[in-house]
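The structure appears below as structure tokens.
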Amino acid sequence: MTVSEAKMLQGIPSRVDTNITLGIVKSGAIGPQHLQAIKDLTLFNDEKISNWLDISVKTYRLYKKSSSTIKARITEQAVMTLSLIKHGIEVFGTKEGFSGWLEQENFFFDNKAPIDFMDTNSGLKFIDDRLTALEYGDNV
């Protein structure tokens with residue numbers, strides 16, 4: 001992770017935590033640069049990311065502009081996504097390693113890829129829990 005990427009994630013928890021996320025959303029500290037950070041910190045395209053956020057590609061691109069006001073629901077999803085990304089990069093060491101793991105079928109996800117679960121808050125939390133398990137020696 002570059003210095004600018006690390007700076008962008010400053011203040012973002014490194015675990016998916018709804019209580020901390022709520023505080024960040026209500027503080028108004030999240031802006032268009034954080035939506036751009038999701039793209040910068042992953043290997044995925046605007047279509048995939050907009051699907052995670054449950055918005056159209058056009059809306060995602062609009063929200064990345066500096067003059068945009070982002071709805072709280074989207075801000076919440078963005079913070080939780082960034083938390084997951086931050087945790088994944090910590091576990092795998094690189095965004096490439098984390099992205100590769102996200103795309104591989106996994107026993108704990110009913111033999112689906114973890115990335116298929118990133119479009120809900122409970123899915124993000126489940127992926128985050130699996131990352132924690134990996135940190136403690138679970139090898140899948």
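Among the numbered conditions (1) over 23 Å from Leu102 (Cβ atoms); (2) among the basic types (Lys, Arg); (3) assigned to a helix (DSSP H, G or I), tell me where Lys65 comes up short. Among (1) over 23 Å from Leu102 (Cβ atoms); (2) among the basic types (Lys, Arg); (3) assigned to a helix (DSSP H, G or I), Lys65 violates only (3).
Out of all the residues in region 26-46, which are touching a residue at least 12 places away in the same chain (Cβ under 8 Å) and in a loop (DSSP other than H, G, I, E, B)? Within region 26-46, Ala29, Ile30, Gly31, Leu41, Thr42, Leu43, Phe44 qualify.
So that you can scan it fast, the table gives a plain yes or no per residue for (1) among the basic types (Lys, Arg); (2) more than 21 Å from Thr132 (Cβ to Cβ); (3) assigned to a loop (DSSP other than H, G, I, E, B):
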position	(1), (2), (3)
Pro13	no, no, yes
Ile24	no, no, no
Trp52	no, no, no
Tyr60	no, yes, no
Lys86	yes, no, no
Trp101	no, no, no
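Of the numbered criteria (1) surrounded by 14 or more Cβ atoms within 10 Å (Cβ to Cβ); (2) over 21 Å from Gly11 (Cα atoms); (3) out of contact with any Ser or Thr (no Cβ under 9 Å at 6 or more places or on another chain), the one Gln104 fails is (1). How many residues does region 107-134 contain that are part of a helix (DSSP H, G or I) and surrounded by 11 or more Cβ atoms within 10 Å (Cβ to Cβ)? Total satisfying the criteria: 19. Pull up region 68-84, narrow it to residues that are crowded, with 17+ Cβ neighbours inside 10 Å and either among the acidic types (Asp, Glu) or outside any helix (DSSP H, G or I) (or both), then point me to the one that is farthest from the chain's Cα centre (by Cα). Selected residue: Ile70. Do you know which residues across region 88-99 are surrounded by fewer than 22 Cβ atoms within 10 Å (Cβ to Cβ), in a helix (DSSP H, G or I) and of a type outside the set (Val, Ile, Thr)? Once the filter is applied, which keeps residues that are surrounded by fewer than 22 Cβ atoms within 10 Å (Cβ to Cβ), in a helix (DSSP H, G or I) and of a type outside the set (Val, Ile, Thr), region 88-99 yields Glu90, Phe92, Lys95, Glu96, Gly97, Ser99. Kindly indicate whether Asn51 is out of contact with any Leu (no Cβ under 7 Å at 6 or more places or on another chain) and more than 20 Å from Ser122 (Cβ to Cβ). No: the conditions fail for Asn51. For the structure I just gave you, tell me whether Ile30 is among the hydrophobic types (A, V, I, L, M, F, W, C), crowded, with 19+ Cβ neighbours inside 10 Å and at pLDDT below 90. In short, yes. Ser27 satisfies every condition listed in (1) under 11 Å from the mean Cα position of the chain (by Cα); (2) of a type in the set (Ser, Thr, Tyr); (3) farther than 17 Å from Ser99 by Cα except (1). Taking every residue in region 119-138 that is on the phi < 0 side of the Ramachandran plot and of a type in the set (Phe, Trp, Tyr) and pairing it with any residue that is in a helix (DSSP H, G or I) and surrounded by 14 or more Cβ atoms within 10 Å (Cβ to Cβ), at least 6 positions away or on another chain, the pairs with Cβ-Cβ distances below 7 Å are Phe126/Phe117.
The values are calculated or read from the model by the stated rules, or taken from the named source; none is laboratory data. Only a predicted model underlies this, so the values are computations on that prediction, with no experimental measurement involved. When we count neighbours, we look across all protein chains shown, and the Cβ atoms used for this are built from the backbone with ideal geometry, even at glycine.
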